[in-house]
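The following block contains the structure, expressed as structure tokens.
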Amino acid sequence: MQNLRHLVLALVLSLYVSRYLGLSNGQNATAVKVDVGFILDLSTTAGKVSRTCISMALTDFYTNHNYTRRMIVHHIRDTKSDIVDAASIAIDLLKNVQVHAIFGPQPSTQADFVIDIANKSEVPIVSTATSPALSPKKSPYFIRTAQCSSFQVKAIAAIVKAFNWREVVLVYEDSTFGSGTIPYLTDALIEVNARVPYRSVVSPSASDDQILQELYKLMTMQTRVFVVHMLPSIASRFFLKAKEVGMISKGYAWIITDVLASLLDSTDSTFINSMQGVLGVKPYIPRSKELNNFTRRWKRRFRQENPDMDEIELDVYGIWAYDSVTALAMAIERTSSAPLRFKQQPATRENTTDLAAIGTSEWGPKLVESIRNIRFKGLSGDFHIVDGQLQPSAYEIVNVMGNYGGRRIGFWTEKHGISDQAKTNGRVVYTANADDLKAIIWPGEISVVPKGWEMPTSGKKLKVGVPIKSGFGEFITVDNDPKTNATNPSGFCVDVFNEVMGSLSYAVPYEFVPFYSPGREYNELVYQIFLEKFDAVVGDVTIVANRSKYVDFTLPFTESGVAMIVPIKYDERKNAWIFMKPLTADLWLTTGAFFVFIGAVVWVLEHRVNKEFRGPPSKQVGMILWFSFSTLVFAHKEKLVSNLSRFVVIVWVFVVLVLTSSYTASLTSMLTVQKLQPTITDINDLIRNGEYVGYQIGSFVEELLVKKKLDKSKFRAYSTLEEYDEALTKGSRNGGVAAIVDELPYIRLFLAKYCRKYTIVGPTYKTAGFGFAFPMGSPLVPEVSRAILNVTEGDKMTRFTQKWLGDEADCPEQDGAVVTTDSLKLQSFTGLFLVAGISSSLALIIFLLIFLHENRDVLASHDSVWQKLVAMAKIFGEEKENSRNVSKKMTTEPNDHDLATTANSVPEDIIAAGSPQSPAISISHHGDGDDIFSQDEGFSTTEPGTPIHDSIAITETIRER
């Protein structure tokens with residue numbers, strides 16, 4: 001049976017050779033033969049797959065295309081997985097066969113040597129090596145016809161981001177292939193806020209014991225997400241051992257890179273069984289009719305050539321090999337004519353592998369120029385080479401399930417991110433959402449997404465650093481048990497931490513380790529985490545920017561802010577000038593200025609029409625001041641004639657009403673409510689008066705005070721509440737301080753004990769509060785932060801606060817505590833003064849316009865400007881005609897007594913003037929109550945019983961006449 005199988009294989013091969021030779025001797029008889037070397041590792045499945053694909057590519061190319069210029073003559077060599085053999089084969093092909101192009105080898109470690117040799121001989125080398133350490137930019141004769149491994153790192157980072165994993169351990173083989181991609185992968189993970197705490201390097205020749213030793217080390221770490229970048233030869237052994245030690249189980253997440261994921265379909269079942277639940281990424285090859293037809297033909301051909309192998313599937317590297325040979329044949333056909341020969345150089349020694357004896361190809365430079373930029377539609381899709389590099393396409397995300405390799409669960413593209421279908425165009429919306437993937441079966445055959453980290457099960461406890469300090473023991477204090485030598489910290493911060501850790505859904509063993517801090521150097525304490533001496537720090541540690549450079553803080557568990565406490569003193573309410581305090585100085589001045597301004601405006605509006613606003617200058621000045629200030633107590637009695645002045649006074653009276661009401665309320669508050677007042681109101685008082693200021697030893701508040709421009713020589717540091725009280729009692733001039741600047745939690749504690757003597761003043765400067773510190777990137781940080789939120793929102797935080805810090809509201813001496821009544825400021829009345837000013841100015845403008853219009857003849861005269869101004873001033877100083885009627889009114893029904901009074905009031909000289917030569921004035925009365933004056937030749941008086949409205953008006957009229 002075996003002999004029969006060999007006979008059939010020999011027959012098939014002979015038919016193929018005869019067909020190939022027939023094609024060569026038939027329609028391609030005139031074609032120039034171009035020798036091309038093919039370096040393959042035929043000891044691997046990938047090498048055998050590539051050999052079949054190469055043979056079919058040559059047959060298909062010269063059968064389906066009428067190319068007659070040049071024809072590839074292939075020379076296949078087997079490297080047998082040896083780097084030295086690969087280099088020797090390349091030298092042999094170049095020197096003895098004088099090939100003008102080389103395809104392969106596929107392993108990056110072998111290709112590295114061959115590329116250097118090809119560059120020296122100027123012969124193009126076409127390879128599917130994926131390591132980014134091999135660069136077509138640095139090696140001009142290297143053409144990569146596979147996607148570079150660095151292209152996949154963003155796809156892997158997107159998976160890590162989609163599942164919110166914060167730490168990833170990289171596992172790779174110690175070779176050019178393994179190390180070349182790791183820098184790119186690390187950078188991509190950092191971009192999605194994932195940390196790489198450890199890199200596990202495994203030698204390709206490592207023994208099983210060495211692999212187990214490395215796996216045990218990984219098990220002791222918290223991280224449970226691993227990215228494996230290995231070739232199948234070492235990866236198969238690695239995963240078998242990982243399953244053996246229980247790392248392919250619940251809680252673990254594994255991601256494999258493209259080389260391993262692309263070869264899953266051609267991997268034996270034992271290897272697949274050890275990778276159940278593993279995720280992977282591999283280049284996406286779109287299905288097509290041509291690919292389906294080729295796959296069927298390839299399977300038949302492969303079974304014929306490898307009858308002893310189990311049935312495997314065609315992988316992406318086989319498809320790339322097919323397209324690569326097609327591209328090489330096309331480039332050879334298109335390259336311009338040149339001598340197919342080598343420029344020989346004299347050999348320095350007689351050795352068939354001497355590089356100096358190879359020479360350089362005269363046709364190679366033209367061929368490499370043709371193939372470095374080629375594009376066509378191949379089995380892999382758009383086969384586009386730019387500057388010697390195959391351009392990337394989408395990546396498949398696969399999940400290893402069952403015995404059939406990877407099951408597709410989604411896609412990733414650089415434009416669209418993760419999606420459930422291959423998007424090649426459309427609107428660019430990048431996503432990294434795990435919901436866009438199909439259901440995943442994780443290691444351990446579970447559907448629950450691994451958290452990505454776990455506490456190690458080796459019994460290791462977290463080392464939690466706690467400060468040993470003096471003072472403020474309510475927050476944290478450390479006692480040592482002399483019998484057990486154990487550390488027993490207590491205090492508010494310790495109770496909160498114990499409660500938070502106990503509320504986690506899993507047990508986290510930890511132990512407290514004291515850290516002696518005589519000067520309370522909390523920066524040094526936090527830095528111990530960065531030095532890996534502590535796994536966490538618990539205490540009254542404030543979250544500040546410079547500390548966050550070395551550690552990660554949880555959410556704060558106390559209130560935030562920095563404020564100032566100062567002594568308070570009783571208010572001297574017997575102060576003779578306390579009536580001035582309700583208003584600030586600028587408000588007093590503004591109010592006085594407006595009183596004068598309003599009086600002046602009213603005087604201008606009433607001067608010509610109201611007799612009470614006329615008279616000597618001293619009287620007029622007095623009237624301006626008297627009228628405006630009398631409105632302060634609403635005691636003005638002068639009658640206003642002008643409607644404009646009435647409008648101004650109405651608005652001003654409203655302003656005065658608001659001012660007086662506010663003044664009365666503020667003064668009342670100062671005299672009755674306020675009992676105590678602070679000695680310092682804000683930090684500017686300290687700077688202005690040169691006072692000493694205190695702060696807590698080792699606190700970051702010292703840096704804050706320096707930023708606020710305080711003199712550092714005026715700083716004094718303290719460590720206990722009692723020292724605070726003593727320093728504030730002495731005062732700045734007696735060896736103490738005028739104020740203490742500290743964080744609110746300490747201030748609340750201080751005021752709870754000394755609630756009668758001190759108070760908080762000035763603005764509160766924002767800080768983040770107290771938090772627990774962990775190593776940067778620690779997965780415990782988000783877990784503990786969520787637990788802190790649950791604790792702070794419950795009743796337990798209130799109980800902890802009352803237990804250790806007390807309740808400031810319970811202080812009986814705080815009844816009638818400080819009530820700060822500030823003086824009224826000008827800003828509060830800006831709107832009122834603006835309204836009063838605008839209304840007064842508007843009335844004044846209207847008056848001036850009317851006055852100018854009435855005297856437009858003066859303005860139109862030919863006098864000089866100064867003469868016009870003098871004339872206008874003289875007119876303004878004269879009494880307006882209708883001002884004569886301003887006096888007391890008489891009753892509308894006069895009697896004989898009124899007439900007698902009127903008669904007696906007329907001066908004798910005016911009566912005597914009533915001669916026949918003088919014009920007489922008669923007064924007639926009409927039914928509407930108006931008096932009509934008429935002139936006669938003689939003087940006559942009004943008959944008795946005639947109603948007169950205003951005797952003074954009559955008198956003025958007679959006097960004028």
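What's the number of the only condition in (1) within 34 Å of the chain's Cα centre (by Cα); (2) aromatic (Phe, Trp, Tyr); (3) modelled with pLDDT of 90 or more that Tyr430 fails to meet?
Among (1) within 34 Å of the chain's Cα centre (by Cα); (2) aromatic (Phe, Trp, Tyr); (3) modelled with pLDDT of 90 or more, the lone unmet condition for Tyr430 is (3).
Tally the residues that are at pLDDT below 90 and assigned to a helix (DSSP H, G or I), restricting the search to region 48-70.
At the first step, the residues of region 48-70 found to be at pLDDT below 90 are 62-70.
From what's left, assigned to a helix (DSSP H, G or I): 62-64.
Of the residues in that region, 3 qualify.
Need pairs with beta-carbon distance below 7 Å; first residue closer than 19 Å to Glu743 by Cβ and within region 524-550, second hydroxyl-bearing (Ser, Thr, Tyr); sequence gap 6+ or separate chains.
Short answer, once both residue conditions are applied: Leu525/Ser517; Val526/Tyr550; Val541/Tyr522; Thr542/Thr767.
Scan region 728-779 residue by residue and report those that are out of contact with any helix residue (DSSP H, G or I) (no Cβ under 8 Å at 6 or more places or on another chain) and of a type in the set (Lys, Arg).
Those that are out of contact with any helix residue (DSSP H, G or I) (no Cβ under 8 Å at 6 or more places or on another chain) and of a type in the set (Lys, Arg): Lys730, Arg733, Lys766.
Out of curiosity, is Arg716 surrounded by 14 or more Cβ atoms within 10 Å (Cβ to Cβ), more than 15 Å from Thr764 (Cα to Cα) and basic (Lys, Arg)?
Numbers: surrounded by 14 or more Cβ atoms within 10 Å (Cβ to Cβ): yes; more than 15 Å from Thr764 (Cα to Cα): yes; basic (Lys, Arg): yes.
Taking the combined requirement at face value, the residue satisfies it.
Being among the acidic types (Asp, Glu) and touching an Asp or Glu at 6+ places or on another chain (Cβ under 8 Å) is true for just one of Asp208, Asp265, Asp187. Which residue is that?
None of the other options fit; the residue is Asp265.
From the set of residues in region 523-554 that are in contact with a Phe, Trp or Tyr (Cβ under 7 Å, 6 or more places away or on another chain), part of a loop (DSSP other than H, G, I, E, B) and among the hydrophobic types (A, V, I, L, M, F, W, C), which is surrounded by the most Cβ atoms within 10 Å (Cβ to Cβ)?
Val538
Exactly one condition in (1) closer than 20 Å to Thr326 by Cβ; (2) modelled with pLDDT of 90 or more is false for Gln106; which is it?
The failed condition is (2).
Condition first: over 44 Å from the mean Cα position of the chain (by Cα), assigned to a loop (DSSP other than H, G, I, E, B) and not β-branched (Val, Ile, Thr). Can you find one or more residues in region 264-275 that meet it?
yes
Taking only region 824-844 into account, find how many residues are over 43 Å from the mean Cα position of the chain (by Cα) and polar (S, T, N, Q).
Number of matching residues: 3.
Looking at Pro105, Pro140, Pro132 in this structure, which one is more than 19 Å from Lys33 (Cα to Cα), in contact with a strand residue (DSSP E or B) (Cβ under 6 Å, 6 or more places away or on another chain) and not β-branched (Val, Ile, Thr)?
On the way: Pro140 fails: in contact with a strand residue (DSSP E or B) (Cβ under 6 Å, 6 or more places away or on another chain); Pro132 fails: in contact with a strand residue (DSSP E or B) (Cβ under 6 Å, 6 or more places away or on another chain).
None of the others qualify; the one that does is Pro105.
Please determine, by comparing only the residues of region 757-777 that are among the hydrophobic types (A, V, I, L, M, F, W, C) and surrounded by 20 or more Cβ atoms within 10 Å (Cβ to Cβ), which one is farthest from the chain's Cα centre (by Cα). Walk me through it before giving the result.
The first filter runs over region 757-777 and keeps only residues among the hydrophobic types (A, V, I, L, M, F, W, C), leaving 760-761, 768, 770, 772-774, 776.
Going one step further and asking which of them are surrounded by 20 or more Cβ atoms within 10 Å (Cβ to Cβ), we end up with 761, 770, 772-774.
Values: Val761: 33, Phe770: 22, Phe772: 23, Ala773: 22, Phe774: 22 Å.
Only one residue tops the list, namely Val761.
Can you name the residue in region 560-596 that is surrounded by 13 or more Cβ atoms within 10 Å (Cβ to Cβ) and charged (D, E, K, R) and is also modelled with the highest pLDDT among such residues? Don't jump to the end; show me each part of the working.
Here is the first cut: in region 560-596, the residues surrounded by 13 or more Cβ atoms within 10 Å (Cβ to Cβ) are 560-568, 571, 578, 580-584, 587-588, 590-591, 594-596.
Now drop any that are not charged (D, E, K, R), which leaves 571, 581.
Values: Asp571: 55, Lys581: 77.
Top of the filtered list is Lys581.
Could you list, in sequence order, the residues of region 169-185 that are farther than 16 Å from Ile83 by Cβ and among the hydrophobic types (A, V, I, L, M, F, W, C)? Reasoning before the result, please.
From region 169-185, those farther than 16 Å from Ile83 by Cβ are 169-172, 181-185; that's our starting set.
Correct list: Val169, Leu170, Val171, Ile182, Leu185.
Quick check, is Pro140 farther than 30 Å from Asp535 by Cα, assigned to a loop (DSSP other than H, G, I, E, B) and either in contact (Cβ under 8 Å) with a residue 60 or more places away in the chain or among the acidic types (Asp, Glu) (or both)?
Numbers: farther than 30 Å from Asp535 by Cα: yes; assigned to a loop (DSSP other than H, G, I, E, B): yes; either in contact (Cβ under 8 Å) with a residue 60 or more places away in the chain or among the acidic types (Asp, Glu) (or both): yes.
Considered against the rule, which asks whether it is farther than 30 Å from Asp535 by Cα, assigned to a loop (DSSP other than H, G, I, E, B) and either in contact (Cβ under 8 Å) with a residue 60 or more places away in the chain or among the acidic types (Asp, Glu) (or both), Pro140 comes out as yes.
Could you please let me know if Phe38 is touching a strand residue (DSSP E or B) at 6+ places or on another chain (Cβ under 6 Å), farther than 30 Å from Asn306 by Cα and assigned by TED's automatic domain parsing to the domain that holds Phe383? So that I can check it myself, show each step before the final result.
Working: touching a strand residue (DSSP E or B) at 6+ places or on another chain (Cβ under 6 Å): yes; farther than 30 Å from Asn306 by Cα: no; assigned by TED's automatic domain parsing to the domain that holds Phe383: yes.
Taking the combined requirement at face value, the residue does not satisfy it.
Next question. Scan (1) acidic (Asp, Glu); (2) under 24 Å from Glu559 (Cα atoms); (3) in a helix (DSSP H, G or I) for the single condition Asp742 breaks and write down its number.
(3)
Conditions (1) at pLDDT 90 or above; (2) under 21 Å from Lys803 (Cα atoms); (3) crowded, with 19+ Cβ neighbours inside 10 Å; (4) not basic (Lys, Arg), marked per residue:
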position: Gly471; (1), (2), (3), (4): no, yes, no, yes
position: Asp479; (1), (2), (3), (4): no, yes, no, yes
position: Pro489; (1), (2), (3), (4): yes, yes, yes, yes
position: Phe497; (1), (2), (3), (4): yes, yes, yes, yes
position: Pro514; (1), (2), (3), (4): yes, no, no, yes
position: Glu521; (1), (2), (3), (4): no, no, no, yes
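One line per residue, one yes/no per condition, for (1) among the hydroxyl-bearing types (Ser, Thr, Tyr); (2) touching a Ser or Thr at 6+ places or on another chain (Cβ under 8 Å):
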site	(1), (2)
Tyr141	yes, no
Ala146	no, yes
Gln152	no, yes
Ala158	no, no
Asn164	no, no
Glu191	no, no
Thr220	yes, yes
Thr223	yes, no
Ser236	yes, yes
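Name the residue, out of Tyr746, Tyr754, that is at negative phi, of a type outside the set (A, V, I, L, M, F, W, C) and surrounded by fewer than 21 Cβ atoms within 10 Å (Cβ to Cβ).
Matching residue, one of Tyr746, Tyr754: Tyr754.
Here is a follow-up. Helices (runs of 4 or more DSSP H) wholly in region 176-254 with at least 1 residues that are in contact (Cβ under 8 Å) with a residue 60 or more places away in the chain, touching a strand residue (DSSP E or B) at 6+ places or on another chain (Cβ under 9 Å) and over 23 Å from Val398 (Cβ atoms) - which ones?
On the way: elements: 176-191, 208-219, 232-244.
The helices (runs of 4 or more DSSP H) meeting that bar number zero.
Run down Leu721, Leu728 and say which single residue is farther than 24 Å from Thr542 by Cα, surrounded by 17 or more Cβ atoms within 10 Å (Cβ to Cβ) and aliphatic (A, V, I, L, M). Talk me through it step by step, then tell me what you get.
Numbers: Leu721 fails: farther than 24 Å from Thr542 by Cα.
Answer to the selection: Leu728.
Sort out which residues of region 58-103 are among the basic types (Lys, Arg) and touching a residue at least 40 places away in the same chain (Cβ under 8 Å), and write them in order of number. Steps first, please.
Of the residues in region 58-103, the ones among the basic types (Lys, Arg) are 69-70, 77, 80, 95.
Result: Arg69, Arg70, Arg77, Lys95.
So which of Glu703, Glu691 ends up being part of a loop (DSSP other than H, G, I, E, B) and either at pLDDT below 90 or more than 23 Å from Glu474 (Cβ to Cβ) (or both)?
Going through Glu703, Glu691 in turn, just one is part of a loop (DSSP other than H, G, I, E, B) and either at pLDDT below 90 or more than 23 Å from Glu474 (Cβ to Cβ) (or both): Glu691.
Show the residue pairs that are 6+ apart or on different chains and have beta-carbon atoms under 8 Å apart, the first residue being within region 779-790 and in contact (Cβ under 8 Å) with a residue 24 or more places away in the chain, the second being hydroxyl-bearing (Ser, Thr, Tyr) and outside any helix (DSSP H, G or I).
Cβ pairs passing all conditions: Pro779/Thr223; Val781/Thr554; Val784/Thr554; Ser785/Thr554; Ala787/Ser503; Ile788/Thr554; Asn790/Ser503.
Next up: Is it the case that region 831-853 has a residue that's of a type in the set (A, V, I, L, M), in contact with a Pro (Cβ under 7 Å, 6 or more places away or on another chain) and closer than 18 Å to Leu589 by Cα? Break it down into steps so the answer makes sense when it comes.
Filtering region 831-853 down to residues of a type in the set (A, V, I, L, M) leaves 832, 834-836, 838, 842-846, 848-850, 852.
Adding the requirement that they be in contact with a Pro (Cβ under 7 Å, 6 or more places away or on another chain) leaves none.
No - not one qualifying residue is present in region 831-853.
The values are calculated or read from the model by the stated rules, or taken from the named source; none is laboratory data. The shown structure was predicted, so the numbers you read here are calculated from the model rather than taken from an experiment. No Cβ is skipped: glycine too gets one built from the backbone with ideal geometry, and neighbour counts run over all protein chains shown.
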